[in-house]
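Remarks on the structure that follows.
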Amino acid sequence: MGRGLGFKQRPENIIDENLIEKRFFLSSSDKEDFSVSQLLTNISLEDIRVANKILNYAEDIFNTNVSDSKIITLSDHIHSALERYNSVLS
């Protein structure tokens with residue numbers, strides 16, 4: 001994750017490591033019964049950023065650490081909620 005990482009980029013391009021602000025990895029103990037790559041193709045970067053801010057806020061408020069895998073789950077929930085909201089509007 002980083003500002004402008006994907007701007008004018010193609011899948012075969014190499015990303016400048018200095019532009020990367022944060023990386024998310026799933027450990028083998030964090031893997032759940034879903035396809036992470038499939039989820040991430042549907043979720044916007046903005047949804048991931050919002051989930052990241054929410055989880056960082058929760059960590060600060062509750063003085064705890066949240067597993068990085070939770071960002072994927074929360075991002076998916078945010079994405080689904082926005083899709084339902086937008087379908088009601090149209």
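Here are a few things to note about the model shown:
- Among the residues of the stretch 75-84, those that are farther than 16 Å from R23 by Cα and either of a type in the set (G, A, S) or open to solvent by less than 100 Å² (accessible area, probe 1.4 Å) (or both) comprise D76, I78, H79, S80, A81, L82.
- Total residues in the stretch 11-65 satisfying the condition of being of a type in the set (V, I, T), open to solvent by 50 Å² or more (accessible area, probe 1.4 Å) and either in contact with a Gly (Cβ under 6 Å, 6 or more places away or on another chain) or at pLDDT 80 or above (or both): the figure is 5.
- Scanning the stretch 66-84 for residues that are part of a loop (DSSP other than H, G, I, E, B) and of a type in the set (G, A, S) yields one hit, S67.
The values are calculated or read from the model by the stated rules, or taken from the named source; none is laboratory data. Predicted model only: the values in this text are computed from it and were never measured. Cβ atoms come from the backbone with ideal geometry, glycine included; neighbour counts cover every protein chain shown. Only protein heavy atoms, including side chains, enter the accessible area calculation; ligands, DNA and RNA are left aside. Shrake-Rupley method; radii C 1.70, N 1.55, O 1.52, S 1.80 Å.
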